[in-house]
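Peer 1: My structure is below; once you've seen it, I'll send some questions.
Computed from the coordinates by the stated procedures, all read-outs in this text should not be read as laboratory data. Bear in mind that the values here come from a model prediction, so they are computed numbers and not experimental data. Note: ideal-geometry Cβ built from the backbone for every residue, glycine included; neighbour counts use all protein chains shown.
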Amino acid sequence: MQEMTRIVAMAIVMAVLLTYLRSASQGALASQLAIAFMVTLLLVLLPPLQQVMRLFVDLGRRAQIRSVYMAVVLKAVGTAYIAALGAQLAKDAKEETTAAVVEMAGKVLIMLLAVPLVAGIMEALVGLMP
Amino acid sequence: MDITAIYKIAGLGIIVAILHIFLTQAGRQEQAQMLSLAGVIIVLLWLVQMISRLFADVEAVFRWW
């Protein structure tokens, strides 16, 4: 609750500062300030996220899911997190092409991560067949 | 919550914007452009460090442990 109040207060201050910088034709600096704000906020949000991730890993361990599969899920979440961050920042700087490329890269890398899972499914299917 | 970096960048941005206006009014367009470029590069140097820290932390969180 207290964290949220601080974050919202900072966001309001940032909005005013960004508006001023954009109106003073310092668009690049405004984008950089937005990036700095985003990076700081994500650094603040990482410890809670780490707790949630720890919970999921613990659940997976209790359900006796093979650690390879859990690792794939975690890596996919991390990749999606970073890709969304990069794409949003590029969109914010009005660089739609860069944003699209970053999103595409995220999709491709996540698909690459999922390859062992698909192979595992295929193997299981082949094993089921008489 | 470490917000000094953000306010550092915001302060530099405001100073650059004001000096830009002064230099433009004094008819020194090229120096004003150079000033803007210098500001962008300085902030970029700070940003690269922040982003590398963020990515290292993200990788640490999502690593299989």
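Residue-by-condition table, conditions (1) in contact with a Lys or Arg (Cβ under 7 Å, 6 or more places away or on another chain); (2) surrounded by 13 or more Cβ atoms within 10 Å (Cβ to Cβ):
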| residue | (1), (2) |
| --- | --- |
| A:Val68 | no, no |
| A:Ala71 | no, yes |
| A:Gln88 | no, yes |
| A:Asp92 | no, yes |
| A:Ala99 | yes, yes |
| A:Ala105 | no, yes |
| A:Leu113 | yes, yes |
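Peer 1: Tell me, which residue of segment A:2-22 that is hydroxyl-bearing (Ser, Thr, Tyr) and out of contact with any Gly (no Cβ under 9 Å at 6 or more places or on another chain) is surrounded by the fewest Cβ atoms within 10 Å (Cβ to Cβ)?
Peer 2: Result: A:Thr5.
Peer 1: Filter segment B:31-65 down to the residues that are at the interface with chain A (Cβ under 7 Å from one of its Cβ atoms) and β-branched (Val, Ile, Thr), then identify the one that is nearest to the chain's Cα centre (by Cα).
Peer 2: Looking at residues that are at the interface with chain A (Cβ under 7 Å from one of its Cβ atoms) and β-branched (Val, Ile, Thr), I get B:Val43.
Peer 1: Considering only segment B:1-13, state which residues are more than 7 Å from chain A (Cβ to nearest Cβ) and closer than 17 Å to A:Arg22 by Cα.
Peer 2: The answer is B:Tyr7, B:Gly11, B:Leu12.
Peer 1: Oh, and also: In contact with a Phe, Trp or Tyr (Cβ under 7 Å, 6 or more places away or on another chain), on the phi < 0 side of the Ramachandran plot and among the β-branched types (Val, Ile, Thr): does that describe A:Val77?
Peer 2: Answer is yes for this residue.
Peer 1: Still on this model: Mind checking which pairs have a first residue in segment A:1-28 that is closer than 21 Å to B:Gly39 by Cα and a second that is not in a helix (DSSP H, G or I), Cβ under 9 Å, 6 or more apart or different chains?
Peer 2: Every condition considered, the pairs that remain are A:Tyr20/A:Gln26; A:Gly27/A:Ala93; A:Gly27/A:Lys94; A:Ala28/A:Ala93.
Peer 1: If the requirement is being more than 8 Å from chain B (Cβ to nearest Cβ), under 26 Å from A:Lys94 (Cα atoms) and within 23 Å of the chain's Cα centre (by Cα), which of these qualifies: A:Leu33, A:Leu41?
Peer 2: Every option except A:Leu41 fails the conditions.
Peer 1: May I pose another question? Any chance you could count how many residues in segment A:94-130 are within 26 Å of the chain's Cα centre (by Cα) and over 19 Å from A:Val73 (Cβ atoms)?
Peer 2: 12
Peer 1: Just to check your reading of the model, which residue among B:Ala26, B:Ala17 is over 11 Å from the mean Cα position of the chain (by Cα) and surrounded by 13 or more Cβ atoms within 10 Å (Cβ to Cβ)?
Peer 2: B:Ala17
Peer 1: Sticking with this structure for a sec: Within segment B:20-30, work out how many residues are assigned to a helix (DSSP H, G or I) and either more than 14 Å from chain A (Cβ to nearest Cβ) or under 13 Å from A:Leu29 (Cβ atoms) (or both). Full working, then the answer.
Peer 2: Within segment B:20-30, the first condition is being assigned to a helix (DSSP H, G or I), and the residues that meet it are B:20-25, B:29-30.
Next, from what is left, pick out any that are either more than 14 Å from chain A (Cβ to nearest Cβ) or under 13 Å from A:Leu29 (Cβ atoms) (or both): B:20, B:30.
Selection size over segment B:20-30: 2.
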